[in-house]
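Colleague: First, the structure itself, so that you have it in front of you.
The values are calculated or read from the model by the stated rules, or taken from the named source; none is laboratory data. Everything quoted here is computed from the prediction, not taken from an experiment. Quick reminder, even Gly has a Cβ in these numbers, built from the backbone with ideal geometry, and neighbours come from all protein chains shown. Just the protein is used for accessible areas: all its heavy atoms, side chains included, with ligands, DNA and RNA removed. Shrake-Rupley method; radii C 1.70, N 1.55, O 1.52, S 1.80 Å.
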There are 2 protein chains.
Amino acid sequence: VAISLLALDVPFTHRPVSVFRGFDEFSRINPVVKAPTAVLDDGTVLMDSSLILQYAEAEAAPGTLWPGAPADLARSLRTVGLALAACEKTAQIVYERGLRPAEKVHAPWLDRVTGQLRAAYAELERDLAAQPLAAESCAALGQAGITAAVAWHFTQQRVPGTVALQAHPRLAALSAAAEALPEFRAAPYGEGTVAAQ
Amino acid sequence: VAISLLALDVPFTHRPVSVFRGFDEFSRINPVVKAPTAVLDDGTVLMDSSLILQYAEAEAAPGTLWPGAPADLARSLRTVGLALAACEKTAQIVYERGLRPAEKVHAPWLDRVTGQLRAAYAELERDLAAQPLAAESCAALGQAGITAAVAWHFTQQRVPGTVALQAHPRLAALSAAAEALPEFRAAPYGEGTVAAQ
(Lines give C-alpha, C1' and ligand atoms only; values in the text may rest on other atoms or scores of the structure.)
Protein backbone atom coordinates (compact mmCIF):
# COMPACT_ATOMS: atom_id res chain seq x y z
CA VAL A 1 0.00 0.00 0.00
CA ALA A 2 2.81 2.44 0.89
CA ILE A 3 4.56 1.83 -2.44
CA SER A 4 1.34 2.32 -4.39
CA LEU A 5 0.54 5.54 -2.50
CA LEU A 6 4.05 6.79 -3.28
CA ALA A 7 3.57 5.88 -6.94
CA LEU A 8 0.19 7.65 -6.94
CA ASP A 9 1.72 10.69 -5.20
CA VAL A 10 -0.76 10.50 -2.31
CA PRO A 11 0.59 12.03 0.92
CA PHE A 12 0.59 9.74 3.96
CA THR A 13 2.51 8.77 7.04
CA HIS A 14 3.19 5.10 7.70
CA ARG A 15 3.55 3.91 11.29
CA PRO A 16 4.82 0.36 11.65
CA VAL A 17 2.83 -1.15 14.55
CA SER A 18 3.04 -4.92 14.92
CA VAL A 19 -0.28 -6.79 15.10
CA PHE A 20 1.46 -9.06 17.64
CA ARG A 21 3.98 -7.11 19.74
CA GLY A 22 1.94 -3.92 19.32
CA PHE A 23 -1.52 -5.49 19.70
CA ASP A 24 -2.77 -3.03 22.36
CA GLU A 25 -1.41 0.04 20.55
CA PHE A 26 -2.88 -1.23 17.26
CA SER A 27 -6.25 -1.95 18.87
CA ARG A 28 -6.54 1.70 19.90
CA ILE A 29 -6.29 2.67 16.20
CA ASN A 30 -8.36 -0.24 14.85
CA PRO A 31 -10.00 -2.63 17.35
CA VAL A 32 -9.94 -5.39 14.70
CA VAL A 33 -6.09 -5.19 14.69
CA LYS A 34 -5.82 -5.70 10.94
CA ALA A 35 -2.80 -4.53 8.94
CA PRO A 36 -2.73 -2.51 6.84
CA THR A 37 -5.13 -0.01 8.44
CA ALA A 38 -5.56 3.51 7.02
CA VAL A 39 -6.80 6.48 9.02
CA LEU A 40 -8.22 9.07 6.64
CA ASP A 41 -8.02 12.83 7.26
CA ASP A 42 -11.58 12.87 8.68
CA GLY A 43 -10.76 10.01 11.06
CA THR A 44 -12.47 7.23 9.09
CA VAL A 45 -10.61 3.97 9.66
CA LEU A 46 -10.22 1.69 6.62
CA MET A 47 -8.65 -1.77 6.39
CA ASP A 48 -7.71 -4.27 3.62
CA SER A 49 -5.05 -3.24 1.12
CA SER A 50 -7.33 -3.47 -1.94
CA LEU A 51 -10.02 -1.31 -0.29
CA ILE A 52 -7.53 1.31 0.94
CA LEU A 53 -6.10 1.59 -2.57
CA GLN A 54 -9.62 1.71 -4.06
CA TYR A 55 -10.19 4.84 -1.97
CA ALA A 56 -6.85 6.35 -2.96
CA GLU A 57 -7.49 5.73 -6.65
CA ALA A 58 -11.04 7.11 -6.48
CA GLU A 59 -10.51 10.16 -4.32
CA ALA A 60 -6.91 11.05 -3.66
CA ALA A 61 -4.99 10.45 -6.87
CA PRO A 62 -5.22 11.91 -10.34
CA GLY A 63 -3.55 8.82 -11.79
CA THR A 64 -4.14 5.10 -11.65
CA LEU A 65 -2.06 1.95 -11.37
CA TRP A 66 -4.61 -0.11 -13.32
CA PRO A 67 -4.78 -0.47 -17.12
CA GLY A 68 -7.89 0.67 -18.94
CA ALA A 69 -8.31 -2.00 -21.64
CA PRO A 70 -10.56 -4.85 -20.42
CA ALA A 71 -8.15 -7.69 -21.27
CA ASP A 72 -5.26 -5.84 -19.62
CA LEU A 73 -7.36 -5.08 -16.55
CA ALA A 74 -8.36 -8.75 -16.27
CA ARG A 75 -4.73 -9.86 -16.49
CA SER A 76 -3.69 -7.30 -13.85
CA LEU A 77 -6.50 -8.37 -11.51
CA ARG A 78 -5.44 -11.99 -11.99
CA THR A 79 -1.83 -11.12 -11.09
CA VAL A 80 -2.90 -9.21 -7.98
CA GLY A 81 -5.21 -12.06 -6.93
CA LEU A 82 -2.41 -14.61 -7.27
CA ALA A 83 0.05 -12.36 -5.42
CA LEU A 84 -2.39 -11.63 -2.58
CA ALA A 85 -3.11 -15.36 -2.27
CA ALA A 86 0.64 -15.98 -2.07
CA CYS A 87 0.94 -13.38 0.70
CA GLU A 88 -1.95 -14.98 2.60
CA LYS A 89 -0.44 -18.46 2.34
CA THR A 90 2.95 -17.09 3.42
CA ALA A 91 1.34 -15.50 6.48
CA GLN A 92 -0.48 -18.75 7.28
CA ILE A 93 2.84 -20.63 7.26
CA VAL A 94 4.48 -17.95 9.45
CA TYR A 95 1.56 -18.10 11.89
CA GLU A 96 1.49 -21.91 12.04
CA ARG A 97 5.23 -22.07 12.71
CA GLY A 98 5.59 -19.01 14.92
CA LEU A 99 2.43 -18.52 16.95
CA ARG A 100 1.92 -21.89 18.61
CA PRO A 101 4.04 -24.41 20.49
CA ALA A 102 5.66 -27.15 18.39
CA GLU A 103 3.23 -29.82 19.60
CA LYS A 104 0.30 -27.80 18.23
CA VAL A 105 1.74 -27.46 14.71
CA HIS A 106 -0.36 -29.48 12.26
CA ALA A 107 1.80 -30.77 9.40
CA PRO A 108 -1.10 -31.50 6.97
CA TRP A 109 -2.18 -27.85 7.25
CA LEU A 110 1.37 -26.66 6.51
CA ASP A 111 1.49 -29.04 3.54
CA ARG A 112 -1.82 -27.74 2.23
CA VAL A 113 -0.97 -24.03 2.37
CA THR A 114 2.61 -24.62 1.15
CA GLY A 115 1.17 -26.38 -1.89
CA GLN A 116 -1.20 -23.46 -2.51
CA LEU A 117 1.68 -21.00 -2.09
CA ARG A 118 3.81 -22.84 -4.66
CA ALA A 119 0.84 -23.10 -7.04
CA ALA A 120 0.33 -19.32 -6.87
CA TYR A 121 3.96 -18.61 -7.72
CA ALA A 122 4.00 -21.24 -10.48
CA GLU A 123 1.02 -19.46 -12.07
CA LEU A 124 2.67 -16.05 -11.69
CA GLU A 125 5.93 -17.30 -13.23
CA ARG A 126 4.04 -18.86 -16.14
CA ASP A 127 2.08 -15.64 -16.69
CA LEU A 128 5.33 -13.64 -16.69
CA ALA A 129 6.81 -16.01 -19.27
CA ALA A 130 3.81 -15.47 -21.51
CA GLN A 131 3.69 -11.72 -20.95
CA PRO A 132 6.59 -9.98 -19.19
CA LEU A 133 5.99 -7.04 -16.85
CA ALA A 134 8.11 -3.95 -17.41
CA ALA A 135 9.91 -2.88 -14.25
CA GLU A 136 11.57 0.41 -15.17
CA SER A 137 9.13 2.39 -13.00
CA CYS A 138 6.14 1.89 -10.70
CA ALA A 139 3.94 3.35 -13.42
CA ALA A 140 5.16 0.62 -15.77
CA LEU A 141 4.75 -2.08 -13.13
CA GLY A 142 1.24 -0.95 -12.31
CA GLN A 143 -0.59 -2.44 -9.34
CA ALA A 144 -0.04 -5.93 -10.80
CA GLY A 145 3.73 -5.63 -10.91
CA ILE A 146 3.95 -3.84 -7.56
CA THR A 147 1.89 -6.50 -5.79
CA ALA A 148 3.73 -9.39 -7.46
CA ALA A 149 7.13 -7.92 -6.58
CA VAL A 150 6.13 -7.18 -2.98
CA ALA A 151 4.65 -10.66 -2.55
CA TRP A 152 7.79 -12.39 -3.84
CA HIS A 153 10.02 -10.33 -1.55
CA PHE A 154 7.73 -10.96 1.45
CA THR A 155 7.70 -14.73 0.85
CA GLN A 156 11.46 -14.91 0.39
CA GLN A 157 12.02 -12.88 3.56
CA ARG A 158 9.54 -14.73 5.77
CA VAL A 159 9.70 -18.34 4.56
CA PRO A 160 13.07 -18.58 2.76
CA GLY A 161 13.68 -21.85 0.92
CA THR A 162 9.97 -22.61 0.55
CA VAL A 163 9.56 -21.35 -3.03
CA ALA A 164 12.63 -22.17 -5.13
CA LEU A 165 14.43 -19.15 -6.60
CA GLN A 166 15.81 -21.08 -9.59
CA ALA A 167 12.33 -22.23 -10.65
CA HIS A 168 11.07 -18.62 -10.77
CA PRO A 169 13.72 -16.60 -12.64
CA ARG A 170 11.25 -14.05 -13.96
CA LEU A 171 9.73 -13.33 -10.55
CA ALA A 172 13.18 -13.08 -8.99
CA ALA A 173 14.29 -10.64 -11.70
CA LEU A 174 11.07 -8.62 -11.39
CA SER A 175 11.51 -8.37 -7.64
CA ALA A 176 15.18 -7.38 -7.91
CA ALA A 177 14.39 -4.65 -10.44
CA ALA A 178 11.43 -3.39 -8.40
CA GLU A 179 13.41 -3.26 -5.14
CA ALA A 180 15.80 -0.81 -6.86
CA LEU A 181 13.01 1.65 -7.72
CA PRO A 182 12.74 4.83 -5.62
CA GLU A 183 9.29 3.99 -4.23
CA PHE A 184 10.40 0.53 -3.12
CA ARG A 185 13.55 1.97 -1.54
CA ALA A 186 11.48 4.61 0.25
CA ALA A 187 9.12 2.03 1.75
CA PRO A 188 11.30 -1.01 2.50
CA TYR A 189 9.92 -4.21 3.98
CA GLY A 190 10.17 -4.32 7.77
CA GLU A 191 10.32 -1.76 10.51
CA GLY A 192 10.68 1.99 10.05
CA THR A 193 8.37 4.93 9.50
CA VAL A 194 7.62 6.06 5.96
CA ALA A 195 6.27 9.55 5.35
CA ALA A 196 5.37 11.24 2.09
CA GLN A 197 3.88 14.73 2.08
CA VAL B 1 -19.94 -12.12 -5.24
CA ALA B 2 -22.97 -13.96 -6.66
CA ILE B 3 -25.40 -11.54 -4.97
CA SER B 4 -23.47 -8.51 -6.24
CA LEU B 5 -23.34 -9.91 -9.78
CA LEU B 6 -27.11 -10.48 -9.62
CA ALA B 7 -27.60 -6.92 -8.35
CA LEU B 8 -25.36 -5.62 -11.16
CA ASP B 9 -27.23 -7.75 -13.72
CA VAL B 10 -24.04 -9.50 -14.86
CA PRO B 11 -24.67 -12.98 -16.32
CA PHE B 12 -22.75 -15.83 -14.68
CA THR B 13 -22.99 -19.44 -13.59
CA HIS B 14 -21.97 -20.36 -10.05
CA ARG B 15 -20.58 -23.84 -9.40
CA PRO B 16 -20.22 -24.71 -5.72
CA VAL B 17 -16.96 -26.68 -5.46
CA SER B 18 -15.60 -27.19 -1.96
CA VAL B 19 -11.98 -26.13 -1.38
CA PHE B 20 -11.76 -29.18 0.91
CA ARG B 21 -13.94 -32.04 -0.35
CA GLY B 22 -13.52 -30.81 -3.95
CA PHE B 23 -9.82 -29.91 -3.73
CA ASP B 24 -8.77 -31.86 -6.85
CA GLU B 25 -11.70 -30.64 -8.92
CA PHE B 26 -11.09 -27.06 -7.76
CA SER B 27 -7.36 -27.28 -8.50
CA ARG B 28 -8.13 -28.08 -12.14
CA ILE B 29 -9.98 -24.73 -12.37
CA ASN B 30 -7.56 -22.74 -10.19
CA PRO B 31 -4.40 -24.47 -8.93
CA VAL B 32 -4.33 -22.10 -5.92
CA VAL B 33 -7.71 -23.52 -4.78
CA LYS B 34 -9.02 -20.17 -3.63
CA ALA B 35 -12.75 -19.43 -3.38
CA PRO B 36 -14.30 -17.48 -4.91
CA THR B 37 -12.62 -18.01 -8.29
CA ALA B 38 -14.06 -16.46 -11.47
CA VAL B 39 -13.42 -17.80 -14.96
CA LEU B 40 -13.99 -15.01 -17.48
CA ASP B 41 -15.37 -15.60 -20.98
CA ASP B 42 -11.83 -15.56 -22.47
CA GLY B 43 -10.64 -18.13 -19.90
CA THR B 44 -8.80 -15.71 -17.62
CA VAL B 45 -8.99 -17.01 -14.04
CA LEU B 46 -9.49 -14.38 -11.31
CA MET B 47 -9.64 -14.81 -7.54
CA ASP B 48 -10.45 -12.65 -4.47
CA SER B 49 -14.00 -11.31 -4.13
CA SER B 50 -12.99 -7.62 -4.22
CA LEU B 51 -10.92 -8.11 -7.38
CA ILE B 52 -13.61 -10.14 -9.16
CA LEU B 53 -16.16 -7.42 -8.38
CA GLN B 54 -13.69 -4.72 -9.47
CA TYR B 55 -13.66 -6.37 -12.88
CA ALA B 56 -17.44 -6.69 -12.99
CA GLU B 57 -17.92 -3.04 -12.05
CA ALA B 58 -15.32 -1.83 -14.56
CA GLU B 59 -16.17 -3.97 -17.55
CA ALA B 60 -19.38 -5.92 -17.26
CA ALA B 61 -21.92 -3.71 -15.56
CA PRO B 62 -23.47 -0.36 -16.45
CA GLY B 63 -24.25 0.33 -12.76
CA THR B 64 -22.29 0.34 -9.54
CA LEU B 65 -22.80 -0.77 -5.95
CA TRP B 66 -20.49 1.98 -4.61
CA PRO B 67 -21.52 5.55 -3.73
CA GLY B 68 -19.89 8.43 -5.54
CA ALA B 69 -19.45 11.03 -2.80
CA PRO B 70 -16.03 10.72 -1.13
CA ALA B 71 -17.32 10.53 2.46
CA ASP B 72 -19.93 7.93 1.49
CA LEU B 73 -17.36 5.90 -0.43
CA ALA B 74 -15.02 5.96 2.58
CA ARG B 75 -17.82 4.76 4.88
CA SER B 76 -18.77 1.98 2.45
CA LEU B 77 -15.15 0.85 2.12
CA ARG B 78 -14.87 0.83 5.90
CA THR B 79 -17.98 -1.35 6.19
CA VAL B 80 -16.72 -3.79 3.57
CA GLY B 81 -13.30 -3.94 5.25
CA LEU B 82 -14.87 -4.73 8.63
CA ALA B 83 -17.19 -7.33 7.10
CA LEU B 84 -14.38 -9.04 5.14
CA ALA B 85 -12.27 -9.12 8.30
CA ALA B 86 -15.20 -10.73 10.13
CA CYS B 87 -15.48 -13.36 7.38
CA GLU B 88 -11.74 -14.05 7.57
CA LYS B 89 -11.83 -14.45 11.36
CA THR B 90 -14.88 -16.70 11.08
CA ALA B 91 -13.04 -18.90 8.58
CA GLN B 92 -9.98 -19.00 10.83
CA ILE B 93 -12.15 -20.28 13.71
CA VAL B 94 -13.82 -22.87 11.45
CA TYR B 95 -10.41 -24.03 10.20
CA GLU B 96 -8.86 -24.23 13.68
CA ARG B 97 -11.79 -26.26 15.01
CA GLY B 98 -12.50 -28.38 11.95
CA LEU B 99 -9.26 -29.06 10.09
CA ARG B 100 -7.00 -30.48 12.78
CA PRO B 101 -7.24 -33.07 15.55
CA ALA B 102 -8.33 -31.79 18.98
CA GLU B 103 -4.82 -32.04 20.43
CA LYS B 104 -3.53 -29.63 17.76
CA VAL B 105 -6.09 -26.89 18.50
CA HIS B 106 -4.35 -23.87 20.03
CA ALA B 107 -6.70 -22.04 22.42
CA PRO B 108 -4.77 -18.71 22.48
CA TRP B 109 -5.11 -18.50 18.68
CA LEU B 110 -8.86 -19.14 18.91
CA ASP B 111 -9.09 -16.47 21.63
CA ARG B 112 -7.19 -13.98 19.49
CA VAL B 113 -9.26 -14.37 16.34
CA THR B 114 -12.54 -14.60 18.29
CA GLY B 115 -11.68 -11.26 19.90
CA GLN B 116 -10.94 -9.76 16.50
CA LEU B 117 -14.21 -11.19 15.13
CA ARG B 118 -16.23 -9.64 17.96
CA ALA B 119 -14.40 -6.32 17.55
CA ALA B 120 -15.31 -6.21 13.86
CA TYR B 121 -19.00 -6.78 14.59
CA ALA B 122 -18.99 -4.29 17.47
CA GLU B 123 -17.64 -1.66 15.06
CA LEU B 124 -20.21 -2.58 12.40
CA GLU B 125 -23.07 -2.41 14.90
CA ARG B 126 -21.85 0.98 16.15
CA ASP B 127 -21.56 2.29 12.59
CA LEU B 128 -25.11 1.10 11.85
CA ALA B 129 -26.37 2.88 14.97
CA ALA B 130 -24.77 6.11 13.78
CA GLN B 131 -25.87 5.69 10.17
CA PRO B 132 -28.43 2.99 9.29
CA LEU B 133 -28.22 1.12 5.99
CA ALA B 134 -31.43 0.90 3.95
CA ALA B 135 -32.29 -2.69 3.06
CA GLU B 136 -35.26 -2.42 0.74
CA SER B 137 -33.16 -3.47 -2.27
CA CYS B 138 -29.62 -4.49 -3.19
CA ALA B 139 -29.19 -1.11 -4.86
CA ALA B 140 -30.03 0.57 -1.55
CA LEU B 141 -27.75 -1.77 0.40
CA GLY B 142 -24.87 -1.19 -1.98
CA GLN B 143 -21.71 -3.28 -1.69
CA ALA B 144 -21.38 -2.19 1.95
CA GLY B 145 -24.79 -3.52 2.98
CA ILE B 146 -24.50 -6.66 0.87
CA THR B 147 -21.11 -7.58 2.36
CA ALA B 148 -22.19 -6.77 5.92
CA ALA B 149 -25.37 -8.84 5.58
CA VAL B 150 -23.55 -11.79 3.99
CA ALA B 151 -20.82 -11.69 6.64
CA TRP B 152 -23.31 -11.72 9.52
CA HIS B 153 -25.21 -14.64 8.02
CA PHE B 154 -21.97 -16.57 7.34
CA THR B 155 -20.74 -16.06 10.91
CA GLN B 156 -24.07 -17.06 12.45
CA GLN B 157 -24.22 -20.18 10.25
CA ARG B 158 -20.64 -21.31 10.78
CA VAL B 159 -19.84 -20.32 14.37
CA PRO B 160 -23.27 -19.91 16.02
CA GLY B 161 -23.20 -18.50 19.54
CA THR B 162 -19.84 -16.79 19.04
CA VAL B 163 -21.19 -13.29 18.31
CA ALA B 164 -24.25 -12.51 20.45
CA LEU B 165 -27.43 -11.77 18.50
CA GLN B 166 -28.90 -9.56 21.23
CA ALA B 167 -25.85 -7.27 21.26
CA HIS B 168 -26.18 -6.64 17.50
CA PRO B 169 -29.85 -5.88 16.84
CA ARG B 170 -29.12 -3.68 13.83
CA LEU B 171 -26.91 -6.24 12.11
CA ALA B 172 -29.45 -8.98 12.81
CA ALA B 173 -32.25 -6.85 11.35
CA LEU B 174 -30.14 -5.88 8.34
CA SER B 175 -29.32 -9.52 7.67
CA ALA B 176 -32.94 -10.64 8.05
CA ALA B 177 -34.16 -7.94 5.66
CA ALA B 178 -31.40 -8.71 3.15
CA GLU B 179 -32.04 -12.45 3.19
CA ALA B 180 -35.59 -11.71 2.03
CA LEU B 181 -34.42 -9.82 -1.08
CA PRO B 182 -34.67 -11.61 -4.46
CA GLU B 183 -30.89 -11.61 -5.08
CA PHE B 184 -30.18 -13.12 -1.66
CA ARG B 185 -32.89 -15.75 -2.17
CA ALA B 186 -31.50 -16.57 -5.62
CA ALA B 187 -27.97 -17.13 -4.25
CA PRO B 188 -28.45 -18.69 -0.82
CA TYR B 189 -25.57 -19.59 1.44
CA GLY B 190 -24.40 -23.19 1.04
CA GLU B 191 -24.60 -25.76 -1.73
CA GLY B 192 -26.46 -25.40 -5.00
CA THR B 193 -25.74 -23.98 -8.43
CA VAL B 194 -26.74 -20.39 -9.17
CA ALA B 195 -27.08 -19.26 -12.77
CA ALA B 196 -28.09 -15.85 -14.14
CA GLN B 197 -28.15 -15.24 -17.88
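Colleague: Run lengths n ≥ 4 of DSSP H only: what is the helix-derived mean residue ellipticity at 222 nm for chain B, with -39500 (n - 2.57) per run over all residues, to the nearest 500?
Modeller: Result for chain B: -18000 deg cm²/dmol, rounded to the nearest 500.
Colleague: I'd like to know how region A:57-197 sits against the 2.2 N^0.38 Å rule of thumb: what's its Cα Rg over that expected value?
Modeller: Scaled against compact globular proteins, the figure is 1.12.
Colleague: Going by a ≥ b ≥ c, the root eigenvalues of the Cα gyration tensor, does region B:96-147 fall in the rounded group (a/c under 1.5), the prolate group (a/b larger than b/c) or the oblate group?
Modeller: Oblate.
Colleague: Which residues, if any, in region A:40-56 have at least 20 Å² less accessible area in the whole protein complex than in the isolated chain, probe 1.4 Å?
Modeller: Residues meeting the cut-off: A:Thr44, A:Val45, A:Leu46, A:Met47, A:Asp48, A:Ser50, A:Leu51, A:Gln54, A:Tyr55.
Colleague: Could you do me a favour and compute the accessible area per residue for chain A, 1.4 Å probe, result in Å²?
Modeller: Each residue of chain A exposes 46 Å² on average to a 1.4 Å probe.
Colleague: Lys/Arg Cβ at +1, Asp/Glu Cβ at -1, dipole of the protein assembly as shown taken about the Cα centre: which of A:Ala140, A:Val45, B:Ala151 is farthest positive-ward?
Modeller: In the protein assembly as shown, that residue is B:Ala151.
Colleague: Of A:Ala173, A:Gly161, A:Tyr189, which is farthest towards the positive pole of region A:127-195's charge dipole, taken about the Cα centre with +1 and -1 on the beta-carbons of Lys, Arg and Asp, Glu respectively?
Modeller: Value computed over the given set: A:Gly161.
Colleague: Give me the percent of the accessible area of region B:9-62 that comes from carbon and sulfur atoms, probe 1.4 Å, all protein chains in place.
Modeller: Here carbon and sulfur together make up 49 percent of the probe-accessible area.
Colleague: Place a +1 charge on the Cβ of each Lys and Arg in the protein assembly as shown and a -1 charge on the Cβ of each Asp and Glu, then give the dipole magnitude about the Cα centre in debye, rounded to the nearest 20.
Modeller: 1260 debye
Colleague: Specify whether the C-alpha gyration tensor of region A:1-103 places it in the rounded, prolate or oblate class, a ≥ b ≥ c being the square roots of the eigenvalues: rounded for a/c under 1.5, otherwise prolate if a/b is larger than b/c and oblate if not.
Modeller: oblate
Colleague: What total accessible surface area, summed over both chains, is buried at the interface between chains B and A, computed with a 1.4 Å probe and given in Å² to the nearest 100?
Modeller: 4100 Å²
Colleague: Simple spin-label model, 7 Å along Cα-to-Cβ: B:Leu110 to B:Ala130 in nm?
Modeller: Label at B:Leu110, label at B:Ala130, 3.4 nm between them.
Colleague: Rounded, prolate or oblate: which one fits the protein assembly as shown, using the alpha carbon gyration tensor with axes a ≥ b ≥ c (rounded when a/c is under 1.5, else prolate when a/b beats b/c, else oblate)?
Modeller: Rounded, because the longest to shortest axis ratio a/c is under 1.5.
Colleague: Could you sort the residues of region B:107-126 by number and keep only those whose accessible area is reduced by 20 Å² or more in the all-protein-chain setting relative to the chain alone, 1.4 Å probe?
Modeller: B:Trp109, B:Arg112, B:Gln116, B:Ala119, B:Glu123
Colleague: Number of Lys pairs in the protein assembly as shown with C-alpha atoms less than 18 angstrom apart, excluding same-chain neighbours closer than eight positions?
Modeller: Count of close lysine pairs: 6.
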